[in-house]
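Just below is one structure, and these are the notes that go with it.
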Amino acid sequence: MKGALSLQVLTGILNSMIALATPFLYAAIGETFAQSAGVVNLGVDGIMLLAGFGAFFVALTTGNLWLGLLAAFLVGVAMGLVMSLISVSLKAEQGVSGIGLYMFGLGMSSLLFKVLVGTVKTIRGFPPVSIPFLSSIPFAGPILFHNSVIVYGAFLLVPLAWVVLEKTSLGLKIKAVGQNPAAADSLGISVVGVRYLAVCLGAGLAGIAGASLSISLLNLFQDNLTSGQGFIAVALVYFGGWSPFGVLAGSLLFSVVNSIQLWMQVLGVDLPASVAVMLPYVLTILALMLSSNRARQPAALNKPFDRSEN
Amino acid sequence: MNSRRIVIAFAMIATLVLGAAAAPFRIAVIMPSATTDMAFSQSMWSALLAVQKEMGGESALQIKYTDNMYNVPDAAAAIRDYASQGFDIVIAHGSQYGSSVQDVAPDFPNTTFAWGTDVNTFGMPNVYAYTAAAEQGGYVNGVLAALLSRSKKIGVTGPIEVGDAKTYIDGFVQGVQSVDKSISISKTWTGSFSDVALMTAAAKTQIANGADILTGSSQSVVGSIGAAKDKGGVLWFGTQADQASLATKLVVASQVYDWTSMLREIIAQHRAGVLGGKVYTLTLDNGGLKVAFNPGYALPASAKQAADAAIKGISNGSIAVQP
Amino acid sequence: MSSSERSAVKAETRGPVFDWAKLVLNGALPLAGVVMALAVAGVFLALLGANPLTAYAALVAGSLGSTFGLTQTLVKATPLLLVGLGICIAFRANVINIGAEGQIILGALAGAAVPLSMPTLPGWFLIPLACAAGFAAGALWGFVPGILKARMRVNEILSTIMMNAIAQQLMNFLLQGPMMDPENVRQGTFLAQSARIPTQAWLPRLVPRTLLHAGLILAVVLAVVVYIFLWRTTVGYEIRAVGLNPQASSYAGIDVPFNVALSLTLAGGFAGLAGVVEVIGVQHRLMEGLTSGYGFTGIVAALLGGLHPLGLIPAAVFFGDLLVGADKMQRAVQVPSSLVTAILGMIVLFVSGAGIWARTWAARRLAVGRRGAEARR
């Protein structure tokens, strides 16, 4: 295992970690908003797929990446509206409606890809942008400060989301609606309205997560591009205790273990590949077991709100 | 009297001839992934479309398909359904469909069933089996890779070490080692056929470790090609389908599964009344496997010669590649 | 919990079987949802150049139009029913089990390992043993998230999602190596599948020349057993009580964490049973993709069945019917199967939006809570 701890390997691990963590950050922070307001959206993977295709297709045909990003956000919001309608207004069982949304997104993205594009094509996505001065810092500079704007956005989203949730009145409303909708209702907060907003915002961010794959990190679209990453993102919300910084920790942990296991394979560590691939999942569970922080979930999570029942 | 009989006879023959010419040959195909996967399913799909074009289009060859069929009992229903609709040939393009073919084929003795990749026809007269000796093209790619690598490090980014993903790589390794045993080959397996993000990360890891040549298989390998393109200067060798379109300057060669000659033969045999009973193996020798050199990459003449020699050696049996 | 509260729980949750009006409503609303979804889907079909009427005719005829179609519906209904029963039990304890995909895999692995490792033993020994092993392995895979939730408050959605992936890699590992068919190794094909299960360990076929197997009977019998378990035993009562009102149950001395873990364990067991039944009943060997998404479609079936084990029987048949018909539709009008997936997704969305279960469920919970509160005054 020569060179195992060399600078080259360390750099490689951190680079991969950042690339792998980016879609998780967008999707999981989005889901954090939705769940903080009391709605579980299991359809995140489907949103990532359909919005990711939307971004790719718009970027492919117009040549404009920002238009593609906007398209992804709008597709996400549209799917969020569907989810809100069905889960908030029609009070559906959220786990099930989420699965339906996932199946719809998966099928629709594959269908549109087949009909509108037809074969795998690559595009020139968001290029890496160096931040002056910071990117010249030895070792850390090129890793942290030479990435695409989409990657920067994902990491900047973390403190931004924290501020919104903890320090703004919108955030307080979202959390109130998720903790005690009856009380929030009696205070004049529109429970339905806030939930719609949170779910659509979360879905829009999931859309950007999809775009981060198709027009920034991978620069292509393919059938089932996300391969279940949306579900991991939902799991990371629980890991993170409904806090954006917790989600950051979870995303980084999961991604760094994934990077490490790939390096272990490359360097020829004598471990069966299947076991190596298992490591991020096992370690995530272990980490949560060992962590003493156990945030309570939003009390009204997964419970539709009915004014007449209070 | 005589002239009337002649007219009737003429009319009958005309109807027969026109009817026979008008009735298209019908093939149904079932595949486990999408036709756009740029790998296993797409290879069969493009071969069918090519044969259809050769024969004269939809009026000559009608093709019906079902893709993304990874559920075995559903596949059994699909195979049975297409057979009962009177299709001449039903292709079950996936190794998981074996038991379904075995179940359904006896009920439709006039239908040809072709399935793969496997080598078992169950002793049934209307079943063909087919497979691809992926290790052969792998060997040729390996020879080229060894000659072209400057860093003497080669990376393999694969999905799961099974089936032709495994045999291709095994052949590749043999090819590399036949040229230069000192070259180090690192393998990563992502554990999934569809996880492009993880495959991209695997490729980037290989590149960061110093590999200047990458290869691998499965539909997610488009991620590896993307990573090679990103870095620039990293070359790619592909399999199952011609992947040159994804990175026109970096793809050196791809092993292409060309099912067209097998399809032509099966169609001709069916018309002649032979419905099965043979195992087809795509090899370099019979043209089922082709090494498609990317015209966009300037391959040095010496390397091309070595590759051609390898192809010739495998074809005439002087080089034995173990799957 | 006072005796009046106990009888309130009993009365309120006897289930729709004894309430015919609610039963009809529960059946009619999902159907309305399906029809609405198909109407919207018809637009997509037309856009792709397919005739919606031809398509829907195939959808209906596909499952009902032939003996084979009918048996296919039942073949699909079997794992839906088994997985759904587990989901049902978990839901009754207010736990959502999305780990069924992994539990199915574990059940299939253990269940297949039994006859593969003892190929000379008779069927009457191998089949029950395989089923027991499958149930146990799936139960283990449900127990782990269950105990993690009960003892360490690790959220079960996180742990089950992780364990689904771990199970998938475990299967990859076994099929690449120790469990790969030696024939495939010898022939050099190295396919990711196990050797064929010895024929005496196959579940007997119920209708010749079809895939319908005895697993259906097992599933239906178990549905009745689960009903009896949930409504006629103390343990079942406690599980339901925990789901309806964990605080009140705790005050009444019911061990809430234990029941949560138990419900997940049982849910895993049933999913594991679905896995082994698919292997020894239909596929006859272990191979990739054996779960066929039943871990998720089972959840949908459970909800269509009103989360009641007896309601699950018609729901699983209905949903199986839908799946078989959808495939037939794809073949008939030649639309890509991804459209079929999207249509099924729309159906799930519309049907879940019919929302009656969430409302009655929430109403029951609140009614029990209120009655409890009143009784305590």
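Just so it is clear, none of the values below were taken in a lab; they were calculated from the coordinates. Computed from a predicted structure; not experimentally measured. When we count neighbours, we look across all protein chains shown, and the Cβ atoms used for this are built from the backbone with ideal geometry, even at glycine.
By the beta-carbon count within 10 Å of each Cβ, the least crowded to most crowded order of B:Val29, C:Val335, fewest first, is C:Val335, B:Val29. Using only alpha-carbon positions in region B:62-148, the gyration tensor eigenvalues give semi-axes of 31, 14, 11 Å once each is multiplied by 5 and square-rooted (largest first).
Computed from the Cβ-Cβ distance with R0 of 60 Å, the FRET efficiency linking C:Val221 to A:Ser190 stands at 0.75. In region C:118-159, the alpha-carbon atoms span a convex hull of 70 Å³ per residue.
Residues whose amide H lies under 5 Å from that of B:Ala114, counting only those 5 or more places away or on a different chain, are B:Val90, B:Ile91, B:Ala92, B:Tyr128; hydrogens are built 1.01 Å from N in the peptide plane. Across peptide B:159-168, the mean count of Cβ atoms from other chains lying within 10 Å of each residue's own Cβ comes to 5. Amide H contacts under 5 Å for B:Tyr65: B:Val29, restricted to partners 5 or more places along the chain or on a different chain, H placed in the peptide plane at 1.01 Å from N. Counting only DSSP beta bridges with both residues in chain B, the antiparallel share comes to about 10 percent. Applying the Karplus relation 6.51 cos²θ - 1.76 cosθ + 1.60 with θ = phi - 60° to region C:126-143 yields 3J(HN,Hα) values of 5, 4, x, 5, 4, 4, 5, 5, x, 4, 5, 5, x, 5, 4, 5, x, 5 Hz, where x marks Gly and Pro. Peptide C:287-299 has a mean shielding of 4, counted as Cβ atoms of other protein chains within 10 Å of each residue's Cβ. Inter-chain neighbour count for A:278-290: the average number of beta-carbon atoms from partner chains within 10 Å of each residue's beta-carbon is 5. With a ≥ b ≥ c taken as the square roots of the eigenvalues of the C-alpha gyration tensor of the protein assembly as shown, please select rounded if a/c is under 1.5 and otherwise prolate if a/b is larger than b/c or oblate if it is not? The shape class here is oblate. For region C:3-376, go through all pairs of different Cα atoms, get the mean of 1/r, take its inverse, and jot down that Kirkwood value in Å. When all Cα pairs of region C:3-376 are included, the Kirkwood radius is 21.6 Å. In a solvent-free Debye calculation with one equal scatterer on each Cα, what is log10 I(q)/I(0) for region C:252-294 at q = 0.19 Å⁻¹, listed in the order of the q values? With one equal scatterer per Cα and no solvent, log10 I(q)/I(0) is -0.63. Only Cα pairs under 8 Å and 6+ residues apart enter the sum, and on that basis the relative contact order of region B:2-132 stands at 22 percent. In this label model, C:Val207 and B:Val119 are separated by 3.9 nm, measuring between points 7 Å along each Cα→Cβ vector.
Under 5 Å between amide hydrogens, which residues at least 5 positions from A:Val120 or on another chain qualify, with H placed 1.01 Å from N in the peptide plane? Sorted by chain and number, the residues that satisfy this come to none at all. The calculated 222 nm mean residue ellipticity attributable to helices in the protein assembly as shown amounts to -20500 deg cm²/dmol, summing -39500 (n - 2.57) over DSSP H runs of n ≥ 4 and dividing by all residues.
Among A:Tyr281, A:Tyr26, C:Tyr227, C:Tyr251, the ranking by other beta carbons within 10 Å of each residue's beta carbon, starting with the fewest, stands as C:Tyr251, C:Tyr227, A:Tyr281, A:Tyr26.
Across region A:177-310 the C-alpha pair distances fall into 10 Å bins from zero in the proportions 10, 29, 31, 19, 8, 2, 0 percent.
A crude spin-label estimate for the pair B:Ser3 and C:Ser250, with each label 7 Å from Cα along the Cβ direction, gives 10.6 nm.
State whether chain A is rounded, prolate or oblate according to the following rule on the C-alpha gyration tensor (a ≥ b ≥ c being the square roots of its eigenvalues): a/c under 1.5 gives rounded; otherwise a/b larger than b/c gives prolate, and the remaining case gives oblate. Judged from the Cα gyration tensor, chain A comes out prolate (a/c at least 1.5, a/b above b/c).
For the protein assembly as shown, the antiparallel share of DSSP beta bridges with both residues in that region comes to about 20%.
Can you spot the aspartates and glutamates whose alpha carbon is less than 19 Å from B:Lys64's alpha carbon? Ignore those fewer than 8 places along the same chain. Answer for B:Lys64, where 19 Å is the Cα cut-off: B:Asp37, B:Glu54, B:Asp74, B:Asp81, B:Asp88, C:Asp327, listed by chain and number.
Rounded to 0.05, the FRET efficiency of the A:Ala295 and C:Val235 pair, given R0 = 35 Å and the Cβ-Cβ distance, is 0.65. As a length-normalised measure over Cα pairs under 8 Å and 6 or more apart, the relative contact order of region C:3-376 settles at 35 percent. Each Cα pair under 8 Å and six or more residues apart adds its separation to the average, and for chain B the resulting relative contact order is 18 percent.
For region B:2-132, what does the alpha-carbon gyration tensor say about shape, rounded, prolate or oblate, given a ≥ b ≥ c as the root eigenvalues, a/c under 1.5 as rounded, and a/b over b/c as prolate? Judged from the Cα gyration tensor, region B:2-132 comes out prolate (a/c at least 1.5, a/b above b/c). The calculated FRET efficiency for B:Ser184 paired with B:Ser261, based on their beta-carbon distance and R0 = 51 Å, is about 0.85.
When B:Lys278, A:Lys303, C:Lys328, A:Lys91 are sorted by how many other C-beta atoms sit within 10 angstrom of their C-beta, beginning with the fewest, the order is B:Lys278, A:Lys303, A:Lys91, C:Lys328. Across every pair of non-identical alpha carbons in chain B, the mean reciprocal distance, once inverted, gives a Kirkwood radius of 21.0 Å. Binning the C-alpha pair distances of region A:105-258 at 10 Å intervals from 0 yields a P(r) profile of 9, 29, 32, 21, 8, 1 %, listed from the shortest bin outward.
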